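Before any comments, here is the structure.
All of the numbers you see were taken from the coordinates with simple rules; none came from a lab. Computed from a predicted model, the values in this text were never measured in an experiment. Because the Cβ atoms are built from the backbone with ideal geometry, glycine has one as well, and the counts that use them run over all protein chains shown.
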Amino acid sequence: MGLDRNDVLREAAALLTRRATASMDDIAKAAGISRATLHRHFAGRDALIRALEELGIERFEAAMDSARIEEGDAVEALRRLVAALRPVSGFLVFLYSESQLVEGEEVNAGWARLDARLAALFRRGQEQGNFRIDLTPVWLAEAVYGLMASAAWSVHDGRLAAKDMEYMVLELLLGGALRRSGDA
């Protein structure tokens, strides 16, 4: 049976989210492989971190695609996005907390794509009259990252039931982002 690189990356992300200082030996053990096998696929910690970030961005972008965030009512698109992000929220925890570890044009371009699409969703919602205009689309996008990462961490830590994650994120996010009557 061959090594599933994505399984290794998922295990690495889960471990590094809990223990940022985990060694390559620790990561190999968590993935159920030898350190030599891990090094054959990832030349070192930097290569592993870069691969984690690239896969996380890819997964986040796929969630945006499946949620069809460019279509229809922005509030409903946001609801679809939060549902689509739930399965990849563990990667988001890692990306959100550790993204400063990796720099590079490809990674930065990936984040820029995600940021632009998410901000466009909120901008569209503002234009539709659904979201507050005193909160910038960029800030609202950051709120999505932060709330999804916090919820995933809480689920992992046993402080939030996995089945409640989507509801909790949406209630808090929309409770602060939706326009209320009387808002300018």
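I need the calculated FRET efficiency for the pair Gln128 and Glu54, taking r as the beta carbon distance and R₀ as 41 Å, to the nearest 0.05.
Here the calculated transfer efficiency is 0.75.
Amide H of Phe131: which non-local residues (sequence gap of 5 or more, or other chain) have their own amide H closer than 5 Å, using H built in the peptide plane?
Placed amide hydrogens put Gln126, Arg179 under 5 Å from Phe131.
Return one number: the angle in degrees, 0 to 90 and rounded to the nearest 10, between the long axis of the Cα atoms of helix 105-127 and the longest principal axis of the Cα atoms of the chain.
On a 0 to 90 degree scale, this one is about 20.
Could you tell me whether segment 53-177 comes out rounded, prolate or oblate from its Cα gyration tensor? Rule is a ≥ b ≥ c as square roots of the eigenvalues, rounded for a/c under 1.5, then prolate if a/b exceeds b/c, otherwise oblate.
oblate
Tell me the relative contact order for the chain as a rounded percent, counting alpha carbon contacts under 8 Å between residues six or more apart.
21
Suppose each label sits 7 Å from its Cα in the direction of the beta carbon; what would the Ala116-Arg40 distance come out to in nanometres?
3.9
Mind telling me which of Glu71, Glu11, Glu58 comes out most flexible in a GNM of the chain, alpha-carbon contacts under 10 Å?
Maximum fluctuation in the GNM of the chain, among the listed residues, is at Glu71.
Taking the chain as the reference, fit the longest principal axis to its C-alpha atoms, fit the long axis of helix 5-18 to the helix C-alpha atoms, and give the angle between the two in degrees, 0 to 90, nearest 10.
Between the helix axis and the principal axis of the chain, the angle is about 70 degrees.
As a check on your grasp of the helix formula, calculate [θ] at 222 nm for the chain: sum -39500 (n - 2.57) over DSSP H runs of n ≥ 4, divide by the residue count, round to the nearest 500.
-23000 deg cm²/dmol
Taking the Cα atoms only, what angle lies between the long axis of helix 165-177 and the longest principal axis of the chain, rounded to 10 degrees?
It works out to around 40 degrees.
Quick one: order Lys29, Lys163 by neighbouring beta-carbon count within 10 Å, fewest to most.
Starting with the residue having the fewest Cβ neighbours, the order is Lys163, Lys29.
Give me Val93, Val138 sorted ascending by neighbouring Cβ count inside 10 Å, so fewest comes first.
Val138, Val93
For a quick check: sort Val155, Val75, Val8 by the number of other beta carbons within 10 angstrom, fewest at the front.
With the sparsest Cβ surroundings first, the list reads Val75, Val155, Val8.
Please work out the C-alpha center-to-center distance from segment 110-176 to segment 22-68 and express it in whole Å.
A separation of 25 Å, based on Cα centres.
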